[in-house]
Amino acid sequence: MTNHDSGPPAAKAVDLTKVYGAGDTQVVALDGVTVDFIASQFTAIMGPSGSGKSTLMHCMAALDTPTSGQVFIGDVELSALNDKKLTRLRRDRIGFVFQAFNLVPTLTARENITLPLDIAGTRVDRDWFETIISTVGLSDRLKHKPNELSGGQQQRVACARALLSKPEIVFADEPTGNLDSRSGAEVLAFLRRSVREFGQTIVMVTHDPGAAAHADRVLFLGDGRLVDEMIDPTAEKVLERMKGFDAVGTGQVG
Ligand SMILES: Nc1ncnc2c1ncn2[C@@H]1O[C@H](COP(=O)(O)OP(=O)(O)O)[C@@H](O)[C@H]1O
Ligand SMILES: [Mg+2]
């Protein structure tokens with residue numbers, strides 16, 4: 001399934017650096033990360049707590065601005081865009097799934113899924129909506145409010161919302177982090193299926209070797225740097241690799 005020679009990347013970072021604060025309280029969250037995210041691939045990002053995974057997701061998804069370096073979505077470089085264009089790019093070309101679901105509690109599942117397009121005044125593609133809903137297995141839950149849904153169902157609503165605009169790339173920051181293993185498996189199965197069947201490009205942060213094994217490729221971050229990469233991961237291989245990091249003192253779980 002993995003093809004590293006396939007076409008231009010869906011997104012990339014070039015020497016990406018992010019520094020928070022200044023002076024004594026300065027934190028280098030990203031320290032020169034260069035990486036390509038290949039189109040129609042499922043990439044997992046792993047690394048100890050504080051290694052810069054969320055910062056990388058936020059900078060890639062235009063939710064945060066780098067200190068230096070460049071981010072490209074397709075061939076568009078983000079720093080070249082004004083606020084209005086950046087907002088439009090974020091809305092039309094990028095999907096984001098958060099650990100905490102981030103659904104609007106007063107809206108139904110259906111309303112949550114279509115909310116970004118409704119706000120943008122964009123027509124919802126009915127066929128595509130039905131395709132996503134049946135793939136994600138939410139057809140009989142659309143009238144429910146988030147508090148009437150399980151955690152796994154809520155996260156699948158959030159995934160459907162992220163996919164509805166047919167974004168070029170979806171970033172998911174620990175999407176299974178708040179879920180029990182069965183609900184997590186539902187969400188992972190959906191993400192995997194959207195790569196296989198729709199050619200969706202997905203980048204997912206996870207701490208779970210079993211979750212990472214769903215990906216085509218795993219990137220390992222340590223102290224804001226890309227420290228390793230694994231193609232066609234298995235849970236066993238990922239676990240072995242993480243033990244290796246522990247042995248050299250870079251891995252605390254968090
Ligand atoms: N808004 C912020 N202000 C200051 N420091 C931050 C901020 N966000 C993240 N950091 C710091 O940057 C580093 C990387 O954080 P993060 O990207 O959240 O790591 P991860 O997601 O891998 O746990 C950490 O040391 C964290 O404390
Ligand atoms: Mg994080």
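The values are calculated or read from the model by the stated rules, or taken from the named source; none is laboratory data. A quick note: this is a predicted structure, and the numbers were derived from the prediction, not measured. Please note: Cβ atoms are built from the backbone with ideal geometry, for glycine as well, and neighbour counts cover all protein chains shown. For the accessible areas, the whole protein counts, side chains as well, though only heavy atoms, and no ligand, DNA or RNA atoms are used. Shrake-Rupley method; radii C 1.70, N 1.55, O 1.52, S 1.80 Å.
Listed values, structure above:
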| item | result |
| --- | --- |
| Set of aspartates and glutamates near Lys166 by C-alpha distance (under 19 Å), chain-local residues within fewer than 8 positions excluded | Asp75, Asp92, Glu111, Asp118, Asp125, Asp127, Glu130, Glu197 |
| GNM flexibility winner over the chain from Ala29, Ala120, Ala62 (Cα, springs under 10 Å) | Ala120 |
| Using alpha-carbon coordinates, inclination of helix 151-164 to the longest axis of the chain, degrees | 90 |
| Where only alpha carbons of the chain are counted, the Rg and the Dmax (Å) | 17.9, 54 |
| Solvent-accessible area, 1.4 Å probe, carbon plus sulfur percent, for region 117-249 | 46 |
| Most to least packed among 139-152, 121-134 [average Cβ atoms within 10 Å] | 139-152, 121-134 |
| Inter-site label distance for Lys145 and Lys84 at 7 Å from Cα along Cβ, in nm | 3.8 |
| Ratio Rg/Rh [Cα only; Rh per Kirkwood] for region 1-149 | 1.01 |
| Relative contact order of the chain, defined on C-alpha pairs under 8 angstrom at six or more residues apart (%) | 27 |
| Mean residue ellipticity (222 nm) of the chain, computed from DSSP H runs ≥ 4 via -39,500 (n - 2.57), nearest 500 | -11000 deg cm²/dmol |
| Charge dipole (debye, nearest 20) of region 10-66; +1 at Cβ of Lys and Arg, -1 at Cβ of Asp and Glu | 140 |
| Degrees, to the nearest 10: 235-247 long Cα axis against longest axis of the chain | 40 |
| 0 to 90° range, to nearest 10: angle between helix 126-136 axis and the chain longest Cα axis | 60 |
| Net lengthening on full extension, Asp127/Thr34 (0.36 nm per residue, minus Cα-Cα) | 29.7 nm |
| The chain - accessible surface per residue (Å², probe 1.4 Å) | 47 |
